[in-house]
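Engineer: Supplied in structure tokens, the structure appears directly below.
Just so it is clear, none of the values below were taken in a lab; they were calculated from the coordinates. Keep in mind it's a predicted model, so treat the numbers as computed, not measured. Positions of Cβ are generated from backbone atoms using ideal geometry, with glycine treated the same way; all protein chains shown enter the neighbour counts.
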Amino acid sequence: MGALVIQTLHPWSVAAGDDQDGWREETFNGVQGHGHPMPWYFRTLSSWLNALDRAGFQLACLQEPQHPQSPAPQSLLLVAERRNDPHTAPGEDAV
């Protein structure tokens, strides 16, 4: 059986006081030579966990790597596995 691995920016490090799910814009201001903003979708930690649950996954591991010079985690690593469906026969995929 495989696993779903998600690596994203940690919601606590990028929320900037606005911790509601929704579209944000990355301007790449600190990156020389990149002039086009990029849209991205922000999710809270609970939103990530609820989305995994709705999709039939259960969280197997959560890690929050942090830069040594930062008090807050910078990245969020989620490892999820397919939840066993009691209505599915062994070896049969859930629909």
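Engineer: Per residue, how big is the convex hull around the C-alpha atoms of the chain? Give it to me in cubic angstrom, could you?
Structural biologist: Per-residue hull volume (Cα only) is 148 Å³.
Engineer: Something else about it: Working from Cα positions, state the angle (0 to 90°, nearest 10) between the long axis of helix 45-54 and the longest principal axis of the chain.
Structural biologist: 30 degrees
Engineer: Follow-up. With springs only between Cα atoms under 10 Å apart, run a GNM on the chain and tell me which of Ser46, Ser13, Ser70 wobbles the most.
Structural biologist: Ser70
Engineer: So how much slack lies between Tyr41 and Gln74, counting 0.36 nm per residue of separation and subtracting their Cα-Cα distance, in nm?
Structural biologist: Values: separation 33, 0.36 × 33 = 11.88 nm, distance 1.66 nm.
My answer for the length gained is 10.2 nm.
Engineer: Taking 8 Å as the Cα distance limit and 6 or more residues as the minimum spacing, I'd like the relative contact order of the chain as a percentage.
Structural biologist: For the chain, the relative contact order is 34 percent.
Engineer: With 10 angstrom as the radius, rank Trp23, Trp40, Trp48 by how many other C-beta atoms surround their C-beta, starting from the fewest.
Structural biologist: On the way: Trp23 8, Trp40 12, Trp48 19.
With the sparsest Cβ surroundings first, the list reads Trp23, Trp40, Trp48.
Engineer: How do His67, His36 rank when sorted from fewest to most other Cβ atoms within 10 Å of their own Cβ?
Structural biologist: Fewest to most other Cβ atoms nearby, the residues stand as His36, His67.
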